[in-house]
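Have a look at the structure below, then the notes.
The values are calculated or read from the model by the stated rules, or taken from the named source; none is laboratory data. For clarity, every value in this text was computed on a predicted model and none was experimentally measured. Cβ coordinates were reconstructed from backbone atoms using ideal geometry, including for glycine residues, and neighbour counts include every protein chain displayed.
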Amino acid sequence: MSDRQPDARRDAFATRAVHAGLTPDPTYGSVIPAVHLTSTYAQPQPGEFVGEYDYARTANPTRSALETALGDLEDGLAVTFASGLAAEHALITATCKSGDHIVLPADLYGGTYRLIDKVMSGWGLSYDLVDQTDLDALARAIRPDTRLVWVESPTNPKLDVIDIPAVLAARRDALVVVDNTFATPANQRPLELGADFVVHSTTKYLGGHSDVVGGAVIAADREWHERLRFVQNAAGAVPGPLDCFLVHRGLRTLHLRMQAHARSAAAVVERLRAEAQVSDVRWPGFSGMVSFRHPGATEIASRTRLFTLAESLGGVESLIEVPQAMTHQSVEGSAAAVPRDLVRLSCGVEDPADLVEDLRQALG
Ligand SMILES: Cc1ncc(COP(=O)(O)O)c(C=O)c1O
C-alpha cells in the first residue's frame, strides 16, 4: 500500500471513506484511476503477467481497488461479487460442507432464507431459525455441528438490533457472519467486535444510488480471504468493472449519506408515532430504514408521491414497500413469515419535511 493511502490507525472513518482504495493513475496522474474494461491481459512471455492479472475473472484492477476500499472500511479483507446473494452463496460454499448446520435469524432477508432453504439444503445443509434477540434461545440453537451463525443487524424487515458481542460469546465452535447491509460500516463494524465475516449487498447503502447490483464478503482472517478468493475465481460470480466503479464512487459519500438518511428517518418516525392507526414503529436510531404496521399497508404504499413503491433500499431516493407481498414472499408459511400489514420505508436524503408531508397525505 502506498503512503498516500489512508491509514486505518490514524485517519477517521470519513477520511478513509473518501480516500480508500484510490491511488492516482500512474500513467496520466488522473485522480480517479481508469475503469479497466478488459477481459484479459497481454503477456510478453507465456505465464508472465502483472501481479495476479492474467484473466479478468481472476482479477481486475477496478475490482481490486473496490476490494481494498471495502476491506479498509470494514477492517478486514474484501472479496466482491455480482450480487449480495452471490456473495452469500460463495461464503456458504467456502465455509460449509454437507452435514453442517446453520443458525439463521428468525427475521431475515427473504432471499437469504430462500438460498439456504431451497438451494443449499439440497447439498446437505440444515438450519434452524431463531430469534436472536432472545439470547437463551440462541444459545440453545447453537449445536456442536453448527458451522455458521448468520446474523443480520438490523434485521430485514423488522429492524431488530442484535447484540453481536453476545452472539460471539455464545458461538461455541461456529463461525459468525454479520450481514451489515442495513447498518453499513459507517455505523457498525462487526469484524472489530470479533465476527469472522461481514457480508453486504453493495446494491444498497454502499452503492447508494440504486444504479448497481453487487455484493461483498469481508473476512477477518487472511486464510479465509484466500479461500473466498479461490471460490470467487472457481465459481465465477464476479462483478463487472463498471459496477465496481459505481460502488466505489458511492463509498466516498457513505458517511454523509448515512447521516442524511438518519435525519430523514428521525423526522418520519416522529410523524408516524403521532398517527392513530400506525403501530409498532421501528427505527434502530441510525440508518434510513423504518418499519411500521397499519391496516391499510397496501393502500398507503400505492399513494405516496416521493416514496417510490419498489423493492430494494439504501439509495438517495426514498422507497416504500410491503415486505409480505414483495421482498419476503419466499418466507411465507415459514417461521420467518412477516405480517401483511407491515410497511418498510427506506428514507432517502430528500428534505425530511417533504418526506413527512408525503407520508401524511398517503396515510390520509
Ligand atoms: C439484508 C440483505 N442482505 C442481502 C441481500 C441480497 O442482496 P442482492 O439483492 O444484492 O443480491 C439483500 C437484498 O435486499 C438484503 O436486504
**Item:** Inter-residue pairs, beta-carbon under 7 Å, first of a type in the set (A, V, I, L, M, F, W, C) and in the stretch 47-69, second crowded, with 21+ Cβ neighbours inside 10 Å and part of a helix (DSSP H, G or I), 6+ apart
**Value:** ALA65/HIS248; LEU66/CYS244; LEU66/VAL247; LEU66/HIS248; ALA69/HIS248; ALA69/LEU251
**Request:** Residue by residue through the stretch 216-237, note down the ones that are part of a loop (DSSP other than H, G, I, E, B) and either away from the ligand (no atom under 14 Å from the Cβ) or aromatic (Phe, Trp, Tyr) (or both).
**Result:** ALA220, ASP221, GLY236
**Message:** Quick check on the stretch 292-306. Is at least one of its residues free of Cβ contacts under 8 Å to residues at least 40 places away in the same chain, closer than 24 Å to ILE162 by Cα and not hydroxyl-bearing (Ser, Thr, Tyr)?
**Reply:** no
**Item:** Single unsatisfied condition, VAL213 versus (1) modelled with pLDDT under 95; (2) within 11 Å of the ligand (Cβ to nearest atom)
**Value:** (1)
**Complete:** Taking the stretch 145-202 and keeping residues within 16 Å of the ligand (Cβ to nearest atom), assigned to a loop (DSSP other than H, G, I, E, B) and of a type in the set (D, E, K, R) leaves LYS158, ASP160
**Asked** Taking the condition over 18 Å from HIS261 (Cα atoms), in the same structural domain as GLY288 (by TED's automatic domain parsing) and modelled with pLDDT of 95 or more, does ARG344 pass?
**Response** no
**Prompt:** Among the residues of the stretch 308-332, which ones are in a loop (DSSP other than H, G, I, E, B) and within 15 Å of the ligand (Cβ to nearest atom)?
**Reply:** ALA310, GLU311, SER312, LEU313, GLY314, GLY315, VAL322, MET326, THR327, HIS328
**Item:** Hey, ALA235 surrounded by fewer than 18 Cβ atoms within 10 Å (Cβ to Cβ), within 24 Å of the chain's Cα centre (by Cα) and farther than 27 Å from ARG189 by Cα or not
**Value:** yes
**Item:** Where LEU345 falls short, out of the listed (1) within 16 Å of the ligand (Cβ to nearest atom); (2) surrounded by fewer than 20 Cβ atoms within 10 Å (Cβ to Cβ)
**Value:** (2)
**Message:** I'd like the full set of residues that are of a type outside the set (D, E, K, R) and modelled with pLDDT of 95 or more, limited to the stretch 347-364.
**Reply:** CYS347, GLY348, VAL349, PRO352, ALA353, LEU355, VAL356, LEU359, GLN361, ALA362, LEU363
**Asked** Does the stretch 301-342 hold any residues that are more than 23 Å from ASP107 (Cα to Cα) and crowded, with 24+ Cβ neighbours inside 10 Å, and which are they?
**Response** PHE307
**Fill in**
Scanning the stretch 244-281 residue by residue, the ones that are of a type in the set (Asp, Glu) and in a helix (DSSP H, G or I) total 1
**Message:** With the structure loaded, tell me whether THR93 is touching a residue at least 60 places away in the same chain (Cβ under 8 Å) and in a helix (DSSP H, G or I) or whether it fails that test.
**Reply:** yes
**Asked** Among the residues of the stretch 31-65, which ones are surrounded by 10 or more Cβ atoms within 10 Å (Cβ to Cβ) and more than 25 Å from ALA78 (Cα to Cα)?
**Response** GLN43
